[in-house]
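The values are calculated or read from the model by the stated rules, or taken from the named source; none is laboratory data. Bear in mind the structure is a predicted one, so any value in this text is a computation, not a measurement. Note: accessible area is taken over every heavy atom of the protein model, side chains too, but ligands, DNA and RNA are not part of it. Shrake-Rupley method; radii C 1.70, N 1.55, O 1.52, S 1.80 Å.
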Amino acid sequence: MIGLVLGQDANASQERQKRGLIVAHGISLPCALSVVWLAERRDEPIIAAIRSMLADIWSS
């Protein structure tokens with residue numbers, strides 16, 4: 001099985017020692033990122049803040 005994870009180096013090192021995780025440095029993989037939420041929660045403060053942040057990042 002192959003998985004892709006974004007994580008902290010400290011966590012990756014720990015998992016490498018405990019479970020044999022293989023960390024591939026210097027590899028670039030193009031991939032799409034999607035963010036979803038329930039329509040009825042669209043205007044909740046945390047989701048509105050995330051939407052605003054994403055709009056700022058992805059519009060540049």
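A few remarks follow.
- Cα long-axis angle, helix 45-58 against the chain (0 to 90 degrees, to the nearest 10): 70
- Here the accessible area is traced with a 1.4 Å probe on the protein chains. For the chain, carbon and sulfur cover 59 percent of it.
- When the P(r) is computed for the chain, the part past 18 Å accounts for 58% of the Cα-Cα pairs.
- Angle between the chain longest axis and helix 9-19 axis [Cα atoms, degrees, rounded to 10]: 50
- In the context of the full set of protein chains, the chain has a per residue accessible area of 99 Å² (1.4 Å probe).
- Amide H to amide H distances under 5 Å link LEU21 with ARG16, where only residues 5 or more positions off or on other chains count and H is placed in the peptide plane.
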